[in-house]
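Written out below as structure tokens is the structure these notes cover.
The values are calculated or read from the model by the stated rules, or taken from the named source; none is laboratory data. Keep in mind it's a predicted model, so treat the numbers as computed, not measured. Because the Cβ atoms are built from the backbone with ideal geometry, glycine has one as well, and the counts that use them run over all protein chains shown.
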Amino acid sequence: MKRIIMLMAVLSVSEAIGANDSPLSQVAERLSEIANDMKPVAAVEQNGRAVSLSYNTRKFMVHNTDKLGHHSEKAHETVGPRYDGLIVKVTVQDGRYFGAAIIPLNLRRPYWTTFVNAYPIAKGKQHLHVNISYGSRTDRELIKRIKDMLESMIDDDPHVTARELGVHNKPLQDTSQ
């Protein structure tokens with residue numbers, strides 16, 4: 001009976017981590033390999049279209065900062081990396097990245113830095129949206145290893161048209177008359 005339960009647990013973990021060949025499953029597998037090399041071992045979780053790795057984290061009270069640089073009056077609790085910690089969040093998004101931020105970008109927070117980038121996959125029809133939050137003393141080789149792994153996932157076709165991606169921008173109307 002214990003063997004059957006163990007087999008079911010292994011099958012469900014392999015299914016959650018990604019027994020199939022989807023890009024997100026590949027990211028989960030590669031992050032798991034990196035996590036196993038860390039001491040103590042980092043936690044890797046896959047949930048729907050997202051994968052995360054958490055290592056040496058804690059709760060912080062932080063004030064949000066808007067796009068204009070204004071800080072909120074009220075602080076809220078959030079989980080972030082310790083001075084030597086790391087949080088990696090990878091989500092699969094449809095289409096190319098069309099966000100407002102010019103990426104890659106390093107956002108400097110009071111307690112940590114967050115690297116933001118998007119890596120095209122599926123011949124440019126999807127992208128991996130990535131946030132890597134790290135402390136001031138996090139191993140830079142570890143961060144480089146994660147970034148290199150993500151760059152190796154790039155599968156872009158520069159000839160994919162906006163119509164194929166489902167982007168339909170209406171032409172600007174001439175208002176000069």
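Brief remarks follow.
- Qualifying residue in segment 137-151 (condition: of a type outside the set (A, V, I, L, M, F, W, C), under 26 Å from H63 (Cα atoms) and modelled with pLDDT of 90 or more): yes
- Residue count for segment 47-72, restricted to those that are within 30 Å of Q126 (Cβ to Cβ) and crowded, with 17+ Cβ neighbours inside 10 Å: 6
- Subset of segment 133-153 [exposed (fewer than 15 other Cβ atoms within 10 Å of the Cβ), touching a strand residue (DSSP E or B) at 6+ places or on another chain (Cβ under 7 Å) and under 18 Å from L105 (Cα atoms)]: S136, E151
- V88 vs. criteria outside any strand (DSSP E or B) and either within 27 Å of S22 (Cβ to Cβ) or in contact with a Gly (Cβ under 9 Å, 6 or more places away or on another chain) (or both): no
- Scanning segment 91-119 for residues that are of a type outside the set (K, R) and assigned to a loop (DSSP other than H, G, I, E, B) gives G95, Y97, F98, G99, A100, A101, I102, I103, P104, P110, Y111, W112.
- Here T91 meets the list (1) at pLDDT 90 or above; (2) exposed (fewer than 14 other Cβ atoms within 10 Å of the Cβ); (3) polar (S, T, N, Q) almost entirely, failing just condition (2).
- A single entry from M61, M38 fulfils the requirement of being in contact (Cβ under 8 Å) with a residue 60 or more places away in the chain and closer than 24 Å to S136 by Cβ: M38.
- Members of segment 66-102 found to be out of contact with any Lys or Arg (no Cβ under 8 Å at 6 or more places or on another chain) and β-branched (V, I, T), listed by number: I87, V88, V90, I102
- Among the residues of segment 152-177, those identified as at pLDDT below 60 and among the aliphatic types (A, V, I, L, M) are V160, A162, L165, V167, L172.
- Only residues that are over 30 Å from Y83 (Cα atoms) and modelled with pLDDT of 90 or more were counted in segment 1-55, giving 0.
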